[in-house]
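The values are calculated or read from the model by the stated rules, or taken from the named source; none is laboratory data. Owing to the predicted nature of the structure, the values given are computational and were not obtained by experimental measurement. Cβ placement follows ideal geometry from the backbone for every residue including glycine, while neighbour counts extend to all protein chains displayed.
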Amino acid sequence: MAKKKQIILNTATFLFAQKGFNETSIAEVARMTQSAEGTIFYHFKTKNDLFLAVLSSVKEGISREFEAYLGTRRFETGLEMIGEVIAFFFYLAAHHEDWFMLIQRHYPYELARTNVECRGHLEAIFNTLIDLFEAAIARGQEDGSIGSLPTRKTALLLFSMVNGLVWVKFHDLYDPASLYEELQRACHRILSIL
């Protein structure tokens, strides 16, 4: 991807995450990237197109980061893999806060009601994350470290708990770090049920 286009995407991701879609202007993206508005419209025909490109970039980034991380790890059991997926989820949410703040905002879901492409991007982001939990559960069921549970539904429940703590962090309601150990224990208890 051209360097200028990537700079525009990165800046738009930051602004959409911090301010929301409606409060982010193309003029502000242009100013922060030292680009002409015409340059932005050359790469992205509309503000919605820019937003959709940001969502696609977020999905690719999450996939890339998890693949790189899990590719360097060896797990004795699926239960151990669940713990690592949870830990890396929190790490990624902290180090790529804009990605996760963006998907916590209301606007993407509002747009997804009428825009099939937006809905597809959101589903792809969430499926990427949920698939990680599901793969670890399936592996644990094979090696006997995880009980006989419906894999996709259980993955959705675990993802919801972890993502919920990320949401709590972004809204400064509680310190999710103080709940980390209890979350790990709760997941182990849930998954160990035979």
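If a residue must be touching a residue at least 60 places away in the same chain (Cβ under 8 Å) and farther than 16 Å from residue 183 by Cβ, how many such residues does the range 77-96 contain?
2
Return the total of residues in the range 171-194 being at pLDDT below 80 and either surrounded by 11 or more Cβ atoms within 10 Å (Cβ to Cβ) or under 19 Å from residue 98 (Cα atoms) (or both).
7
Applying the selection to the range 15-51, what residues are among the basic types (Lys, Arg) and surrounded by 14 or more Cβ atoms within 10 Å (Cβ to Cβ)?
47
Helices (runs of 4 or more DSSP H) wholly in the range 98-194 with at least 2 residues that are of a type in the set (D, E, K, R) and farther than 24 Å from residue 11 by Cβ - which ones?
Helices (runs of 4 or more DSSP H) meeting the threshold: 116-143, 151-170, 180-192.
Output the residues belonging to the range 131-150 that are free of Cβ contacts under 8 Å to residues at least 40 places away in the same chain and surrounded by 18 or more Cβ atoms within 10 Å (Cβ to Cβ).
134
Mind listing whichever residues of the range 148-159 are under 18 Å from the mean Cα position of the chain (by Cα) and either within 9 Å of residue 130 (Cβ to Cβ) or charged (D, E, K, R) (or both)?
Scanning the range 148-159 gives 152, 155, 156, 158, 159.
For the range 15-61, name all the residues that are part of a helix (DSSP H, G or I), touching a residue at least 24 places away in the same chain (Cβ under 8 Å) and of a type in the set (Phe, Trp, Tyr).
16, 51
Part of a helix (DSSP H, G or I), of a type outside the set (Lys, Arg) and at pLDDT 95 or above: is that true of residue 70 in this structure?
no
If I ask for residues that are surrounded by fewer than 16 Cβ atoms within 10 Å (Cβ to Cβ) and of a type in the set (A, V, I, L, M, F, W, C), which ones from the range 89-125 would you list?
94, 116 - these are the residues of the range 89-125 that are surrounded by fewer than 16 Cβ atoms within 10 Å (Cβ to Cβ) and of a type in the set (A, V, I, L, M, F, W, C).
Using the structure shown, decide if residue 128 is surrounded by fewer than 16 Cβ atoms within 10 Å (Cβ to Cβ) and either touching a residue at least 24 places away in the same chain (Cβ under 8 Å) or of a type in the set (Val, Ile, Thr) (or both).
Spelling it out, it is not the case that residue 128 is surrounded by fewer than 16 Cβ atoms within 10 Å (Cβ to Cβ) and either touching a residue at least 24 places away in the same chain (Cβ under 8 Å) or of a type in the set (Val, Ile, Thr) (or both).
Are any of the residues in the range 66-78 of a type outside the set (A, V, I, L, M, F, W, C), in contact with a Gly (Cβ under 9 Å, 6 or more places away or on another chain) and under 23 Å from residue 127 (Cβ atoms)?
Among the residues of the range 66-78, at least one is of a type outside the set (A, V, I, L, M, F, W, C), in contact with a Gly (Cβ under 9 Å, 6 or more places away or on another chain) and under 23 Å from residue 127 (Cβ atoms), which makes the answer yes.
Every residue in the range 3-14 that is under 16 Å from residue 56 (Cα atoms), surrounded by fewer than 20 Cβ atoms within 10 Å (Cβ to Cβ) and without any contact (Cβ under 8 Å) to a residue 24 or more places away in the chain, please.
6, 10
All but one of (1) under 24 Å from residue 60 (Cβ atoms); (2) more than 14 Å from the chain's Cα centre (by Cα) hold for residue 127; which doesn't?
(2)
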